[in-house]
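Let me begin by presenting the structure, written as structure tokens, before commenting on it.
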């Protein structure tokens, strides 16, 4: 069960990360910082959901 | 994508407005463009790359000099290239204009407009760069607009990184690679936060250490990149010198001999390393056997003798001794009471009493001794044969090294100043190449050590940080980022493995149809490509076979891109493309027979092919092999303002007519595009 949840969380994060990459694919100037900020937010979101479910 | 027409306006050598209409897809898909060296082949190839992406290849010299010099004299301040192309059923016009303002500043403008059926142009597309990238991704473009003279660099030993990059580019993995870099960066940021959030001095100190090591590693990464660029540039320069020496009558045989000897030298060196490794393996696996002959035979004798006498395992069983102690009576019927001398004597037997474990140990010890004995018998022979092989190879290496040095000496002593200079330059470049490679190896090794140390320190940080609620949250986030990066890495490696297999098969397919002998192409795990003769020995790197192999590799990349464009590809990759293949001087070092074979397969490499060839490359056999496939043909004619004054007048036989490719006493210095009527 735990392993399944882990896999689901990872997939969830990867979907978000790749969506952000596509969104920024053709941006050049200053895109790197914005893109990385968005990825950090996505990680925080997935981790918070995990913690909520685990009751932490 | 299909390119229909290209119009140059005061672009480099091309004065005024001049255009080329490309042969369409189909049976006659080849546009053949003849031009002598320095007249404009490379400029034409670059004009397309420059228009679409504002970039040029390494061979495009004086990149900033875009406006034609004669036009500048006439007061012109801009140059442009227009490319008319179709994509998914619609025509588009891509225009890049380069202009110089009154203040001398350079301005560049890029537009892409749709062409309506009535010929009218739509307004410029809102994001032309993004659109162009969706038609042909910039990372894939260099493989379609390709400088053939660089083809053989694919097969050079240091270029496995280029091969890996080429495959990743055509696979469209840019997004995944950027995602990996982003995830590593974010993980690092979480690590830094752990250090400051914990309030724990030990964690902070560890984080500081990690940051310091990472900074040093980044510096070394930059250094490695710089060294890679230097190595590439030096290899290109060495290749150019080698080509120049092959082209000169006085030096051709020397240079060919040197290349052949150098190839043998490289192969011998790698065989020496392999043999040294064999000896190392012998030391780790057989040396004990070799030196322990007396020990093993004595051990075996001892075990066998003692077993026969019934001493090992001990002739009494552990369970039996225990039962005597429990019953409190010995076999001689004397009582066994704790604390008595008899009781202690019987209990002492337990330490050597036989049980399953002891039995198993004896069996294992005997087996191991037996194995050592057997290995001992053939160990000296194996070592002797490896040492003899090493001595033979070392001697051969010395002979080759001397021969290569002698050839260099002969070249340096030729009474031609130009050749002497080239030879000197070659020696200096070789020295620099060796130094750069050595420095790179050191930096790579130091980075590997740094990675291990970072891993160790991160583990210490995690162990400490897990004890604190706030830092535990950050650890979870950092590990999530790292796991995601690790997943992408594995995913990409698996896809690259598949792509490598497909490309290997495709290259072998091309070679079967084009080469005279049976070859086997191999692309190994490290992306090193090798062409082997039927018996498994490698072909010489300098030979035409290797240029052939590099072109076949390019053909395979194009095929792979085409195949990918037809598949409903995984959303993680950039979509692939089908684009025209523009090949500048693809027949470089090929001899006549390979030239013919290559000319036969080039039209099949892509739906639309543009070949730029000089008279030495576009020989009769090439034109004959292309017969029936040429849909458009042009000659680039060099116009010279100067008088002929005894200079050679160059001619070219095209379509049964003699065409002058160099004209003197003209109005201006320029290159004129002249169409050959089919």
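Every read-out reported here was derived from the displayed coordinates using simple, explicitly stated rules and does not represent laboratory data. The model shown is predicted, which means the values in this text are computed figures rather than measured ones. Please note: Cβ atoms are built from the backbone with ideal geometry, for glycine as well, and neighbour counts cover all protein chains shown.
Observations
- Helical runs assigned H by DSSP (4 residues or longer) give chain B a calculated mean residue ellipticity at 222 nm of -19500 deg cm²/dmol, each run adding -39500 (n - 2.57) before division by the residue total.
- FRET efficiency, residue B:78 to residue B:467 (Cβ-Cβ, R0 60 Å, nearest 0.05): 0.35
- Each residue, residue B:250 and residue B:184, gets one label point 7 Å from its Cα in the Cβ direction; the gap between the two is 5.1 nm.
- Size of chain B: Rg and Dmax of its alpha carbons, in Å, are 35.9, 133.
- Rounded to 5, percent antiparallel among DSSP beta bridges of the protein assembly as shown: 75
- Antiparallel %, DSSP beta bridges [both residues in the range B:604-678], to 5: 85
- Relative contact order of chain B, defined on C-alpha pairs under 8 angstrom at six or more residues apart (%): 25
- Neighbour-count ranking [beta-carbon atoms within 10 angstrom, fewest first] of B:140, B:371, A:18: B:371, A:18, B:140
- Efficiency of FRET from Cβ geometry, residue A:3 and residue B:615, R₀ 51 Å, rounded to 0.05: 0.15
- Between residue B:281 and residue B:520, the FRET efficiency estimated from the beta carbon spacing at R0 = 30 angstrom works out to 0.65.
- Rounded to 5, the percent of DSSP beta bridges in chain B classed as antiparallel: 75
- Fully extended contour minus Cα-Cα distance, from residue B:269 to residue B:288, at 0.36 nm per residue: 3.9 nm
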